[in-house]
Amino acid sequence: MPSPRSEAWAPNPRQQNLLDEVRARGAVSVERLAQRLDVTMQTVRRDIQRLTEAGLLDRFNGGVSLPPPANPRATPAVAWRERQALKADAKARIARSVAAAVPDGARLMLGIGTTVEAVAQALSAKKGLHVITHSLHVAQALANHPDCTVEVPTGRLRPRDSALEGPDTVACLKGKKADIAIISSLGIDAEGRLLDRDGRELDVVNAILGQVTEPWLVVDASKFSEQHPISWGHLRQMKRVFTEALPPSPMPALMHKLSVSLTIAS
(Lines give C-alpha, C1' and ligand atoms only; values in the text may rest on other atoms or scores of the structure.)
Protein backbone atom coordinates (compact mmCIF):
# COMPACT_ATOMS: atom_id res chain seq x y z
CA MET A 1 0.00 0.00 0.00
CA PRO A 2 1.48 3.42 -0.91
CA SER A 3 2.37 5.61 2.05
CA PRO A 4 0.61 8.98 2.43
CA ARG A 5 3.89 10.68 1.60
CA SER A 6 4.24 8.96 -1.76
CA GLU A 7 3.01 10.60 -4.95
CA ALA A 8 0.71 7.64 -5.68
CA TRP A 9 -1.31 8.01 -2.48
CA ALA A 10 -4.57 9.99 -2.44
CA PRO A 11 -7.45 10.12 0.08
CA ASN A 12 -10.20 7.59 -0.49
CA PRO A 13 -13.83 8.87 -0.66
CA ARG A 14 -14.40 8.49 3.09
CA GLN A 15 -11.18 10.33 3.91
CA GLN A 16 -12.10 13.03 1.41
CA ASN A 17 -15.44 13.46 3.18
CA LEU A 18 -13.55 13.79 6.46
CA LEU A 19 -11.33 16.48 4.94
CA ASP A 20 -14.40 18.31 3.64
CA GLU A 21 -15.93 18.32 7.13
CA VAL A 22 -12.77 19.85 8.62
CA ARG A 23 -12.47 22.41 5.82
CA ALA A 24 -16.08 23.49 6.36
CA ARG A 25 -15.57 24.06 10.10
CA GLY A 26 -11.88 24.78 10.55
CA ALA A 27 -11.60 22.27 13.39
CA VAL A 28 -13.71 19.27 14.42
CA SER A 29 -13.66 16.82 17.32
CA VAL A 30 -13.06 13.13 16.62
CA GLU A 31 -16.43 12.33 18.19
CA ARG A 32 -18.21 14.77 15.91
CA LEU A 33 -16.48 13.37 12.82
CA ALA A 34 -17.56 9.83 13.71
CA GLN A 35 -21.15 11.00 14.03
CA ARG A 36 -21.13 13.06 10.85
CA LEU A 37 -19.54 10.30 8.76
CA ASP A 38 -21.47 7.48 10.46
CA VAL A 39 -18.35 5.44 11.17
CA THR A 40 -16.58 4.21 14.30
CA MET A 41 -14.15 6.32 16.31
CA GLN A 42 -11.44 3.77 15.44
CA THR A 43 -12.03 4.32 11.72
CA VAL A 44 -11.89 8.10 12.15
CA ARG A 45 -8.64 7.89 14.12
CA ARG A 46 -7.11 5.64 11.46
CA ASP A 47 -8.10 8.07 8.69
CA ILE A 48 -6.84 11.03 10.70
CA GLN A 49 -3.49 9.29 11.12
CA ARG A 50 -3.09 8.85 7.37
CA LEU A 51 -4.25 12.39 6.56
CA THR A 52 -1.95 13.84 9.22
CA GLU A 53 1.01 11.91 7.80
CA ALA A 54 0.15 13.35 4.40
CA GLY A 55 0.30 16.86 5.86
CA LEU A 56 -3.39 17.50 5.16
CA LEU A 57 -4.51 17.77 8.80
CA ASP A 58 -3.12 18.78 12.18
CA ARG A 59 -4.10 16.84 15.27
CA PHE A 60 -4.80 18.32 18.70
CA ASN A 61 -6.15 16.75 21.89
CA GLY A 62 -9.58 15.41 20.96
CA GLY A 63 -9.82 16.54 17.36
CA VAL A 64 -8.26 17.81 14.16
CA SER A 65 -7.88 21.09 12.33
CA LEU A 66 -6.48 22.33 9.06
CA PRO A 67 -2.71 22.92 9.10
CA PRO A 68 -1.94 26.42 10.42
CA PRO A 69 -1.30 29.12 7.84
CA ALA A 70 2.19 30.35 7.12
CA ASN A 71 1.27 33.75 8.57
CA PRO A 72 1.91 33.49 12.35
CA ARG A 73 -0.56 36.30 13.04
CA ALA A 74 -3.37 33.89 12.14
CA THR A 75 -2.36 31.39 14.83
CA PRO A 76 -4.80 32.66 17.53
CA ALA A 77 -7.74 32.18 15.15
CA VAL A 78 -6.66 28.61 14.41
CA ALA A 79 -6.29 27.89 18.13
CA TRP A 80 -9.75 29.33 18.77
CA ARG A 81 -11.31 27.05 16.14
CA GLU A 82 -9.61 24.10 17.81
CA ARG A 83 -11.18 25.09 21.14
CA GLN A 84 -14.57 25.47 19.48
CA ALA A 85 -14.33 21.89 18.20
CA LEU A 86 -13.55 20.37 21.61
CA LYS A 87 -16.70 19.07 23.35
CA ALA A 88 -18.75 20.82 20.66
CA ASP A 89 -21.83 18.67 21.22
CA ALA A 90 -21.71 19.19 25.00
CA LYS A 91 -21.39 22.95 24.52
CA ALA A 92 -24.36 22.97 22.15
CA ARG A 93 -26.51 21.10 24.68
CA ILE A 94 -25.47 23.44 27.47
CA ALA A 95 -26.14 26.45 25.28
CA ARG A 96 -29.68 25.33 24.43
CA SER A 97 -30.40 24.76 28.13
CA VAL A 98 -29.12 28.21 29.07
CA ALA A 99 -31.03 29.90 26.24
CA ALA A 100 -34.25 28.25 27.42
CA ALA A 101 -33.69 29.75 30.89
CA VAL A 102 -32.98 33.31 29.66
CA PRO A 103 -36.19 35.38 29.62
CA ASP A 104 -37.11 37.70 26.77
CA GLY A 105 -36.08 41.26 27.48
CA ALA A 106 -33.16 40.24 29.70
CA ARG A 107 -30.10 42.39 30.17
CA LEU A 108 -27.04 40.13 30.07
CA MET A 109 -23.30 40.29 30.64
CA LEU A 110 -21.46 37.57 28.72
CA GLY A 111 -17.89 36.56 29.48
CA ILE A 112 -15.31 34.81 27.32
CA GLY A 113 -14.83 31.25 26.12
CA THR A 114 -16.21 28.92 23.49
CA THR A 115 -19.03 27.68 25.75
CA VAL A 116 -20.21 31.27 26.28
CA GLU A 117 -19.92 31.83 22.54
CA ALA A 118 -22.16 28.78 21.99
CA VAL A 119 -24.69 30.31 24.39
CA ALA A 120 -24.63 33.56 22.39
CA GLN A 121 -25.40 31.62 19.21
CA ALA A 122 -28.28 29.81 20.95
CA LEU A 123 -29.95 33.09 21.96
CA SER A 124 -31.09 33.81 18.40
CA ALA A 125 -34.80 33.27 19.14
CA LYS A 126 -34.88 35.51 22.23
CA LYS A 127 -36.55 38.90 21.98
CA GLY A 128 -35.55 42.28 23.35
CA LEU A 129 -32.11 41.30 24.65
CA HIS A 130 -29.41 43.74 25.70
CA VAL A 131 -25.96 42.10 25.87
CA ILE A 132 -22.77 43.61 27.28
CA THR A 133 -19.63 41.62 26.47
CA HIS A 134 -15.88 42.15 26.37
CA SER A 135 -15.50 39.17 24.01
CA LEU A 136 -15.35 40.04 20.32
CA HIS A 137 -16.16 36.40 19.50
CA VAL A 138 -19.38 36.67 21.51
CA ALA A 139 -20.23 40.05 20.00
CA GLN A 140 -19.76 38.63 16.50
CA ALA A 141 -21.99 35.65 17.34
CA LEU A 142 -24.76 38.12 18.21
CA ALA A 143 -24.11 40.56 15.37
CA ASN A 144 -26.98 39.28 13.21
CA HIS A 145 -29.46 38.78 16.04
CA PRO A 146 -32.62 40.60 14.87
CA ASP A 147 -33.70 41.79 18.33
CA CYS A 148 -30.57 42.23 20.43
CA THR A 149 -28.55 45.31 21.35
CA VAL A 150 -24.86 44.47 21.74
CA GLU A 151 -22.60 46.72 23.79
CA VAL A 152 -18.80 46.31 23.83
CA PRO A 153 -16.63 48.18 26.36
CA THR A 154 -13.41 49.99 25.56
CA GLY A 155 -10.08 48.42 26.43
CA ARG A 156 -6.94 46.70 25.20
CA LEU A 157 -7.42 43.77 22.79
CA ARG A 158 -5.94 40.44 23.86
CA PRO A 159 -5.07 38.56 20.63
CA ARG A 160 -5.11 35.09 22.18
CA ASP A 161 -8.91 35.05 22.57
CA SER A 162 -10.07 38.38 21.09
CA ALA A 163 -11.13 39.69 24.50
CA LEU A 164 -10.80 43.20 25.86
CA GLU A 165 -8.86 43.74 29.07
CA GLY A 166 -7.23 46.40 31.24
CA PRO A 167 -8.36 49.30 33.46
CA ASP A 168 -10.57 50.88 30.77
CA THR A 169 -12.49 47.63 30.27
CA VAL A 170 -12.95 47.17 34.04
CA ALA A 171 -14.10 50.78 34.52
CA CYS A 172 -16.56 50.51 31.65
CA LEU A 173 -18.09 47.28 32.96
CA LYS A 174 -18.41 48.71 36.47
CA GLY A 175 -20.57 51.44 35.00
CA LYS A 176 -23.13 48.90 33.69
CA LYS A 177 -25.84 46.81 35.32
CA ALA A 178 -27.37 43.53 34.15
CA ASP A 179 -29.81 40.87 35.26
CA ILE A 180 -27.68 37.83 34.45
CA ALA A 181 -23.98 37.15 33.89
CA ILE A 182 -23.07 34.09 31.83
CA ILE A 183 -19.45 33.11 32.40
CA SER A 184 -17.26 30.03 32.14
CA SER A 185 -14.21 28.55 33.84
CA LEU A 186 -11.30 26.39 32.72
CA GLY A 187 -11.49 24.29 35.88
CA ILE A 188 -13.25 23.74 39.22
CA ASP A 189 -11.47 22.05 42.11
CA ALA A 190 -12.93 19.84 44.85
CA GLU A 191 -13.28 22.83 47.19
CA GLY A 192 -15.37 24.73 44.65
CA ARG A 193 -12.68 27.18 43.52
CA LEU A 194 -13.03 28.41 39.94
CA LEU A 195 -9.71 28.12 38.11
CA ASP A 196 -7.89 29.63 35.15
CA ARG A 197 -4.39 29.53 33.74
CA ASP A 198 -4.22 33.30 33.14
CA GLY A 199 -4.69 35.97 35.79
CA ARG A 200 -5.35 38.76 33.27
CA GLU A 201 -9.07 37.99 33.23
CA LEU A 202 -9.43 38.28 37.02
CA ASP A 203 -10.29 41.99 37.29
CA VAL A 204 -12.72 41.85 34.39
CA VAL A 205 -14.64 38.86 35.77
CA ASN A 206 -14.85 40.45 39.22
CA ALA A 207 -16.21 43.62 37.62
CA ILE A 208 -18.90 41.57 35.86
CA LEU A 209 -19.85 39.69 39.03
CA GLY A 210 -20.27 42.95 40.89
CA GLN A 211 -22.82 44.31 38.42
CA VAL A 212 -25.32 41.48 38.04
CA THR A 213 -28.19 39.97 40.02
CA GLU A 214 -27.66 36.36 38.93
CA PRO A 215 -24.25 34.93 37.95
CA TRP A 216 -24.57 31.74 35.88
CA LEU A 217 -21.63 29.40 35.26
CA VAL A 218 -21.55 27.37 32.03
CA VAL A 219 -19.01 24.53 31.89
CA ASP A 220 -18.82 21.11 30.27
CA ALA A 221 -18.42 18.26 32.75
CA SER A 222 -14.71 17.76 31.99
CA LYS A 223 -13.95 21.07 33.73
CA PHE A 224 -14.73 19.49 37.10
CA SER A 225 -11.46 17.54 36.85
CA GLU A 226 -9.31 20.28 35.31
CA GLN A 227 -6.61 21.88 37.49
CA HIS A 228 -5.12 25.32 36.80
CA PRO A 229 -2.90 27.65 38.86
CA ILE A 230 -5.12 30.76 39.12
CA SER A 231 -8.22 30.92 41.33
CA TRP A 232 -10.56 33.70 40.17
CA GLY A 233 -13.68 32.91 42.18
CA HIS A 234 -15.76 30.30 43.96
CA LEU A 235 -18.94 28.34 43.30
CA ARG A 236 -20.60 30.16 46.20
CA GLN A 237 -20.68 33.27 43.99
CA MET A 238 -22.85 31.50 41.42
CA LYS A 239 -26.64 31.25 41.38
CA ARG A 240 -26.78 28.52 38.73
CA VAL A 241 -24.42 26.04 37.09
CA PHE A 242 -25.20 24.57 33.67
CA THR A 243 -23.41 21.45 32.45
CA GLU A 244 -24.20 18.41 30.29
CA ALA A 245 -23.53 15.52 32.72
CA LEU A 246 -23.67 14.91 36.45
CA PRO A 247 -20.46 16.33 37.99
CA PRO A 248 -18.30 13.96 40.03
CA SER A 249 -18.51 13.81 43.80
CA PRO A 250 -18.37 15.98 45.88
CA MET A 251 -19.66 18.63 43.44
CA PRO A 252 -23.42 17.95 43.60
CA ALA A 253 -23.38 17.90 47.41
CA LEU A 254 -21.22 21.02 47.54
CA MET A 255 -23.56 22.92 45.21
CA HIS A 256 -26.55 21.86 47.29
CA LYS A 257 -24.79 23.07 50.43
CA LEU A 258 -24.00 26.41 48.78
CA SER A 259 -27.59 26.76 47.42
CA VAL A 260 -26.30 26.77 43.84
CA SER A 261 -28.84 25.42 41.35
CA LEU A 262 -27.45 22.66 39.11
CA THR A 263 -28.96 22.22 35.63
CA ILE A 264 -27.89 19.20 33.56
CA ALA A 265 -28.69 19.73 29.90
CA SER A 266 -30.58 16.90 28.25
Report summary line: quick shape note, region 173-232: Cα extents on principal axes in Å, largest first -> 34, 22, 16
Report task. Give the Cα extents of the chain along the principal axes, in whole Å, largest first. Result -> 63, 40, 37
**Report entry** Inter-site label distance for ALA125 and LYS257 at 7 Å from Cα along Cβ, in nm
**Finding:** 3.9 nm
Query raised in the report: Between ARG59 and VAL152, what is the spin-label point distance in nm, taking each point 7 Å from the Cα along the Cα→C-beta axis?
Result: 3.7 nm
Requested in this report: Work out, step by step, the length gained on full extension between ALA190 and ASN12: first 0.36 nm times the residue separation, then minus their alpha carbon distance; give nm to one decimal.
Outcome: 59.4 nm
Query raised in the report: Tell me, what is the percent relative contact order of the chain, built from C-alpha pairs under 8 Å that lie six or more residues apart?
Result: 13 percent
Requested in this report: Report ASP168's accessible area, 1.4 Å probe, all protein chains in place, as a number in Å² to the nearest 10.
Outcome: 100 Å²
Requested in this report: Note the angle between two axes, namely the Cα long axis of helix 88-101 and the longest principal axis of the Cα atoms of the chain, as a number of degrees from 0 to 90, rounded to the nearest 10.
Outcome: 30 degrees
Query raised in the report: Residue separation times 0.36 nm, minus the C-alpha to C-alpha distance between ALA101 and ASN206: what's the value?
Result: 35.5 nm
Report task. Leaving ligands, DNA and RNA out of it, report the carbon-plus-sulfur percent of the accessible area of the chain at a 1.4 Å probe. Result -> 50 percent
Requested in this report: Return a single number: how many Lys pairs in region 123-266, at a sequence separation of 8 or more or on separate chains, have alpha-carbon atoms below 22 angstrom apart.
Outcome: 11
Report summary line: Counting every C-alpha pair in region 204-255, the percent lying more than 19 Å apart is 29 percent
**Report entry** Computed magnitude of the charge dipole of region 101-163 (debye, nearest 20; Cβ of K, R +1, Cβ of D, E -1)
**Finding:** 160 debye
Report summary line: Between THR40 and ASN144, the FRET efficiency computed from the C-beta separation at R0 = 51 Å comes out, to the nearest 0.05, as 0.85
Query - Quarter of Cα convex hull surface for region 144-266, i.e. mean projection, nm² - result: 8.5 nm²
Query raised in the report: For a label point 7 angstrom out from the Cα of LYS239 toward its Cβ, which stretches of region 79-104 have the backbone nitrogen within less than 14 Å?
Result: 101-104
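The values are calculated or read from the model by the stated rules, or taken from the named source; none is laboratory data. The structure displayed is predicted, hence computed values, not measured ones. Here the Cβ is made from the backbone with ideal geometry for all residues, glycine too, and neighbour counts use every protein chain on show. All accessible areas refer to the heavy atoms of the entire protein, side chains included, with ligands and DNA or RNA removed. Shrake-Rupley method; radii C 1.70, N 1.55, O 1.52, S 1.80 Å.
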